There are 4 protein chains.
Amino acid sequence: MFKLHGIYAPIATPFAGGKIAYDKLEKNLRFWLGSDLTGIVVMGSNGEFVLLSPEEKEELMRFVCGYVKGRKPVIAGTGAESTVETIRLNKVAAEAGAQAVLVVTPNYYKGEMTEQALGRFYQDVADASPLPVILYNMPRNTGVNISAKLAVELSKHPNIIGIKDSGGNIVQIAEIIRNAAEGFSVFAGSASYLYPTLALGGAGGTLALANIFPDECTRLQTLFEAGKMKEARDLQIRLIESNHAVTARWGIPGLKAALDMIGLYGGDPRPPLMPLEEADREELRKILIRTGFFPKKT
Amino acid sequence: MFKLHGIYAPIATPFAGGKIAYDKLEKNLRFWLGSDLTGIVVMGSNGEFVLLSPEEKEELMRFVCGYVKGRKPVIAGTGAESTVETIRLNKVAAEAGAQAVLVVTPNYYKGEMTEQALGRFYQDVADASPLPVILYNMPRNTGVNISAKLAVELSKHPNIIGIKDSGGNIVQIAEIIRNAAEGFSVFAGSASYLYPTLALGGAGGTLALANIFPDECTRLQTLFEAGKMKEARDLQIRLIESNHAVTARWGIPGLKAALDMIGLYGGDPRPPLMPLEEADREELRKILIRTGFFPKKT
Amino acid sequence: MFKLHGIYAPIATPFAGGKIAYDKLEKNLRFWLGSDLTGIVVMGSNGEFVLLSPEEKEELMRFVCGYVKGRKPVIAGTGAESTVETIRLNKVAAEAGAQAVLVVTPNYYKGEMTEQALGRFYQDVADASPLPVILYNMPRNTGVNISAKLAVELSKHPNIIGIKDSGGNIVQIAEIIRNAAEGFSVFAGSASYLYPTLALGGAGGTLALANIFPDECTRLQTLFEAGKMKEARDLQIRLIESNHAVTARWGIPGLKAALDMIGLYGGDPRPPLMPLEEADREELRKILIRTGFFPKKT
Amino acid sequence: MFKLHGIYAPIATPFAGGKIAYDKLEKNLRFWLGSDLTGIVVMGSNGEFVLLSPEEKEELMRFVCGYVKGRKPVIAGTGAESTVETIRLNKVAAEAGAQAVLVVTPNYYKGEMTEQALGRFYQDVADASPLPVILYNMPRNTGVNISAKLAVELSKHPNIIGIKDSGGNIVQIAEIIRNAAEGFSVFAGSASYLYPTLALGGAGGTLALANIFPDECTRLQTLFEAGKMKEARDLQIRLIESNHAVTARWGIPGLKAALDMIGLYGGDPRPPLMPLEEADREELRKILIRTGFFPKKT
């Protein structure tokens, strides 16, 4: 079975003229496939999945898997508010050729998303999914948390292979690592705490920042696994500011502006998301330069 | 233009065998149309709109408008995460024959839903919508608040006619009423603060509880408008506990169980929502009985 | 026994040279005693009670009660983190001549302030207090809420006569009014929801704004009790902006600046509270003028 | 100047008959002084400092410093709501013989505790303090956060030597470590994230759990500093559950019950804190046993 390990980029979805711009996406994919990244995630939060129609989602999964053609693993974000739609998308992902699915918590009916309801949801999804399932905890967007207790319980399901925890609660991450079933992988959901997650026994991360700096993010894990703690830590600390810029501070508009800056295609996000304003772009550019990784030395 | 006033029920969507049960819905609609309700809202939060596919949404709007045939106004909940899908659904609602649309705030990208982004979203939607637009503030589900300042600003748009405020912040409600453009209607989003909303100059409410007790909810406003303050207040206070049961406490599972109890069809909600457990049903029944409005005296 | 009803001002504590400025306080008290206010609260949140030493608290209660000499009721804020200190201050308040005590929830150990612990605290305090006790719910400052359920339970204690609810949750206020023991008074904790509180059966309010506009705040209740709903509501809506300015927006620094503006003594708050900055003072002045109550017409 | 490094226990304050039980404290101190702990903190959150009168605080600092007599460093928690009282207690701490002071954020007037106000507070305190000052960030109790930006700015003050960060936000901790002035120490405020804090370059911790397991907590840092990453990490993971029990889960009542269990004196906390109930004691005992560190093997 597919084993979750390493650094993945949750790739941005490029738009032009209100439609998915597949030619631009191809160009971006070429860059990511040529990088040190372990793999990619299509239709994560950074992929604006909630702004895509069901038809666009199907088409996008097919395109990406078709283009990547097994050169790196592809994980598809298939979480939807309803159980049945999530399962349907999982089947499409399998047909398209993805290696695993990433399933965010349903979240509009927060008050009803008890441990019991979430547990049932993930079990139903995992039972019916032809691909291994990765839990996706994203409290900042969902207002719902997958507790350590629930993650540990779900880790026993043979078709649930890991969690991407974007909550950033390092104690929760430690508790999941400690108590989860053997073989269950814990992924940092953000570059800002990749190093502490690895230090506690995590398996890698799915990092917005890896869209921009795939080699640098991957290097952090390589250094860590080679026992070069000081270098890993220094690199961690260097990545925090730029990661913050393309996540909590400016979100997808920031990520897409950064893609434009490094020579890929970012373009505008889909409304209601708004493009980054000029003054913020200037500041973002300075932040990218301060990393020392941009512009690339040749 | 359509004027928002009175008591609306945001109707539940009945399911059977995983599909919308139109025969059951017809039975329920007969009850609501025969009641004192001013009108109905299809695909509000209580209608499990986020659990419906785009095709189901279209079909449901057409069915309800077709069945109601103008006997009472129908408002359609058309809010979606993306601006373009919201506008598309507004057009379908207009073709189906709805009187207005209720548009919830986009909410997955909470961090990006600034005043500016929300303002742009509603203006784009209102500009393109063939039907008058009602703002829908639902912070408990969305984690996003439409501030009094933003609501007041949007009230000036000729195609934005009111707000359903389900936040329950009575000071915010008072500020909107005070400062909004002439003719803009403020609706309580929950029966628990209908009376204070009316007392401050609100125009009515869209109330989950009106699914169950349509005449009693409507009577509160009738009493208030007849200057019978004491009776209105006493009725308000009587409605709080049962309203709480079918909203914050047990949500849609509670509402559907209550529909079953009063002789309509509730049925199970769509997963991941879970049906109310037996012990909770017993307690809910007691709460309904304590209102004195159930079972109906004949 | 003392009956809680009407409008109280939770008076500011004036400082000069790092000490309580009793001469300034005397001047302010003359104004409040000459107004339509029902009574005053010394050492409420607006009185900077957490910034006073135990000795200052004792002295201040004695001074105020001595000066007021029964012309209006005086309520003393005696809540402290520890039960024993609260009880001690209650005894001093009784000796000083106060009519009742206002007791805020202990709050530093939020995690331990369960319903059970809060219930025990208030029962112990009420059992030992020579004066009637008023519960003080102030979640914005304390991070702790006295639930409707707890307030109702405590309302049965013979020495607990009411609650000042500064949480602003109008449904919670309605539930307390509905279910509390006979004779238990519910007070709005802020002018912004005085009218809805009265409309639901509340007994009055303790209002920061009553420091500045005592007659206008009192008039709202007089109008309401005379059945002049429209006038009461219009006055309510006029008071919201200025009330917001001296509470949530600028807090005690705003209140003290406003006192200076209307010709009383505000002065600087005690550090770490900082005096209002010049630009904010200008804006505050405009807000006061917009009320139409300032400057006083003669 | 005093350099903050290593593991400190924020010691519990024992009570008997409503008074500080100095004989019991002496017994406990003997244990802590005989352990591997670097030092102790008197009147931290675990010392129930908000439940002590000013006189008790003075007496307690004098007693502890007098008993310890320089055998280990003593840090005194002197934070109070008012600047002037904080400075006064700092002087008493210096006279008593403490090495440094730990100053929590003022917090009752949360709305006014802006970066600017907090910055001014700490600068005034540090300017006037005869002892080096340690910032104390405790958002769970205070509802106030010292941001990385503010901590970094304050780190430049010559009399501010470190921070105890009990917020647990590992990214904030990383940012402070990265950007603070040379020589500024960052301490974990809880045993649950001691290892990740050290891994990022932190200097140690002040840990409730160190009251109970002083040698084990200290060993974690020793292992880390010896480069034994795997052992350090395993120990970290073993400490989480018991640490949770004496902090977030059961707070001071849990800590005091655990002290009783290991043969020290815990006793009852001061009301309104309530002693741990019997069933919870049983569960706590099991948790302590599960650590493998209790009961001590001889």
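One equal scatterer on each Cα of chain A, no solvent, Debye formula: the resulting log10 I(q)/I(0) at q = 0.11, 0.15 Å⁻¹ is -0.60, -1.17. Placing a pseudo-label 7 Å from each Cα along the Cα-to-Cβ vector at A:Glu283 and A:Arg30 gives an inter-label distance of 3.5 nm.
Across the accessible surface of chain D, with the other protein chains kept in place and a 1.4 Å probe, carbon and sulfur atoms take up 52 percent. Only the Cβ atoms of Lys and Arg (+1) and of Asp and Glu (-1) were treated as charged; on that basis the dipole of region C:9-104 about its Cα centre amounts to roughly 340 debye. Mean residue ellipticity, 222 nm, helices only, the protein assembly as shown: the sum of -39500 (n - 2.57) across DSSP H runs of n ≥ 4, divided by residue count and rounded to 500, is -13500 deg cm²/dmol. Computed about its Cα centre, the charge dipole of the protein assembly as shown is approximately 0 debye, with only Lys, Arg, Asp and Glu carrying charge at their Cβ. Counting Lys +1, Arg +1, Asp -1, Glu -1, what net charge surrounds D:Gly39 among other residues with beta carbon under 14 Å of its beta carbon? Around D:Gly39, the surrounding residues sum to +4. Prolate is the label for region A:25-124. Its Cα gyration tensor axes, ordered a ≥ b ≥ c, give a/c of at least 1.5 and a/b above b/c. Which is farthest toward the positive dipole end of region B:6-291 among B:Ile176, B:Gly77, B:Leu33, measuring Cα position about the Cα centre, with Cβ charges +1 (Lys, Arg) and -1 (Asp, Glu)? Result: B:Leu33, furthest along the dipole toward the positive end. Residue of chain D with the smallest Cβ distance to the axis mapping D onto C, distance rounded to whole Å: D:Gly143, 2. The loop-placed GluC sites (Glu not before Pro) in region D:146-240, going by DSSP, that have at most 14 neighbouring Cβ atoms within 10 Å of their Cβ come out as D:Glu182.
With no solvent and one point on each alpha carbon, what is the Debye value of log10 I(q)/I(0) for the protein assembly as shown at q = 0.07, 0.10 Å⁻¹? Once normalised to I(0) and log-transformed, intensities are -0.74, -1.52.
Scanning chain A for trypsin sites (Lys or Arg not before Pro) that sit in a DSSP loop and have at most 16 other Cβ atoms within 10 Å, the longest stretch containing none of them is A:72-155.
For A:Asp127, B:Asp280, what's the largest-to-smallest order of accessible area, 1.4 Å probe?
A:Asp127, B:Asp280
For a quick check, take a GNM of chain D with Cα springs below 10 Å and name the residue from D:Asn46, D:Asn179, D:Asn90 with the largest mean-square fluctuation. Maximum among the listed residues: D:Asn179.
Sorting C:Ile161, C:Ile289 on solvent-accessible area from highest to lowest, probe radius 1.4 Å, gives C:Ile289, C:Ile161.
Counting only Cβ charges, +1 for Lys and Arg and -1 for Asp and Glu, the dipole size of region D:6-291 around its Cα centre is about 500 debye. With K and R counted +1 and D and E -1, the other residues having a Cβ less than 11 Å from that of B:Tyr109 yield a net charge of 0. Rolling a 1.4 Å probe over the protein heavy atoms leaves D:Asp268 with an accessible area of roughly 80 Å².
Association of chains C and D removes close to 3000 square angstrom of accessible area from solvent, both sides included, for a probe radius of 1.4 Å.
Based on Cα atoms of region B:1-47, Rg over Rh with Rh as the Kirkwood radius reads 1.03.
Accessible surface calculations at 1.4 Å, restricted to protein heavy atoms, place chain D at 34 Å² per residue. The modelled label-to-label distance between C:Lys69 and B:Lys230, using points 7 Å beyond Cα along the C-beta direction, is 4.2 nm. Per residue, the average separation of C-alpha pairs within less than 8 Å and at least 6 apart gives region D:6-291 a relative contact order of 18 percent. With both residues required to sit in chain C, DSSP beta bridges show an antiparallel share near 5%. Bridge orientation summary for the protein assembly as shown: considering DSSP beta bridges with both residues in this region, about 10 percent are antiparallel.
Could you sort out which of C:Lys91/D:Lys57; D:Lys19/D:Lys110; C:Lys256/D:Lys110; D:Lys3/D:Lys57; B:Lys228/B:Lys296 sit more than 27 Å apart by Cα distance in this structure? The pairs that break the limit, which is 27 Å between Cα atoms, are D:Lys19/D:Lys110.
The values are calculated or read from the model by the stated rules, or taken from the named source; none is laboratory data. A quick note: this is a predicted structure, and the numbers were derived from the prediction, not measured. Reconstructed Cβ throughout: ideal geometry from the backbone, glycine too, with neighbour counts over all protein chains shown. We work out accessible area using only protein heavy atoms, side chains counted, and drop any ligands, DNA or RNA first. Shrake-Rupley method; radii C 1.70, N 1.55, O 1.52, S 1.80 Å.
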